[in-house]
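Working notes for the structure below.
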Amino acid sequence: MDGTRLVTHLAGLGRLAVAFSGGADSALVLAAAVRALGPADVLAVTANSASLAAVELADARKIAADLGVRHLTPATGELDEPGYAANGRRRCYFCKTTVLSTIAAVAAGHGFPALATGTNADDAVDPFRPGIRAGDEIGVHTPLRTLGLSKEDVRAIARHWGLTWADKPAAPCLASRVRYGIPITTATLARVERAEAAVRAALSARGLHCRDVRVRDLGGTARIELDTALATEVRDDARLLDAVRAAGFAEATVAAFRSGALNHEPD
């Protein structure tokens, strides 16, 4: 079982901090580290910034508490990094350099010199992941990538262990919703977060559930991306479109969800 391999691998790293986003990948690394080392020798560290949705931070807090590990949430200053704020195609590199350097320093200061992330084997072959290079330069451990564990492997192990978040949808940072070239600001990220919350609330009011929700900021206008069948059903729903406009966008449209959609746009 791959879960056993992961636990054995982490046991060899010793006292370990995990850069913990609250997503399934880093949550599995955290859970496996607890199995390998015990909760006292594991530290969860979540970068608390405007690019992390409040609901994701709440999820991270709950998972860490359930696992019985200490959880730190230091503020990170990626918005002060010009390369990040400019929102070019290397934005993730500048972000991860700042975030992982901060997390590594905080972890070391608490007696955890080794740091692991949830980078998986699928991430390693994705051409749109410049942040992985930043982690490699800093020297973080990537146990899922090292062992060749994919996203589906992660979910399978989590299900086998009975972890309630095994099928949690991916939730990349809020900056990933903003079209390249549009500057990243606190206000930009807050507008996206408000709009996505408004979309979920509008769908819930109609008794509708959507696994993947994204509001893409195209520069004043928004593209609401939903599960394919649902996108067709609500394409002209005035209440849904009005909810996104009320969040601060001049106009909104609905489309089928596509992971990393903005990465595939031409320069």
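Descriptive notes on the structure:
- Condition check for V69 on (1) over 22 Å from G109 (Cα atoms); (2) of a type in the set (A, V, I, L, M, F, W, C); (3) touching a helix residue (DSSP H, G or I) at 6+ places or on another chain (Cβ under 8 Å): one failure, at (1).
- Count - residues of region 190-215 that are closer than 16 Å to G260 by Cβ and aliphatic (A, V, I, L, M): 3
- Tally of residues being within 17 Å of R159 (Cβ to Cβ) and either at pLDDT below 95 or crowded, with 22+ Cβ neighbours inside 10 Å (or both) across region 4-22: 1
- Selection of helices (runs of 4 or more DSSP H) fully inside region 157-267 by the criterion of at least 2 residues being touching a strand residue (DSSP E or B) at 6+ places or on another chain (Cβ under 9 Å), among the β-branched types (V, I, T) and surrounded by fewer than 19 Cβ atoms within 10 Å (Cβ to Cβ) returns 228-233.
- Hey, A104 modelled with pLDDT of 95 or more and touching a strand residue (DSSP E or B) at 6+ places or on another chain (Cβ under 7 Å) or not: yes
- Only listed residue being more than 24 Å from A156 (Cβ to Cβ), polar (S, T, N, Q), free of Cβ contacts under 8 Å to residues at least 24 places away in the same chain and not assigned by TED's automatic domain parsing to the domain that holds I182, chosen from T46, T98, T73, T102: T98
- Only one of the listed residues (S26, S51) is part of a helix (DSSP H, G or I), polar (S, T, N, Q) and closer than 21 Å to W165 by Cβ. That residue is S26.
- Subset of region 26-45 [crowded, with 24+ Cβ neighbours inside 10 Å and not aliphatic (A, V, I, L, M)]: S26
The values are calculated or read from the model by the stated rules, or taken from the named source; none is laboratory data. Please read all numbers here as calculations on a predicted model, not as lab measurements. Because the Cβ atoms are built from the backbone with ideal geometry, glycine has one as well, and the counts that use them run over all protein chains shown.
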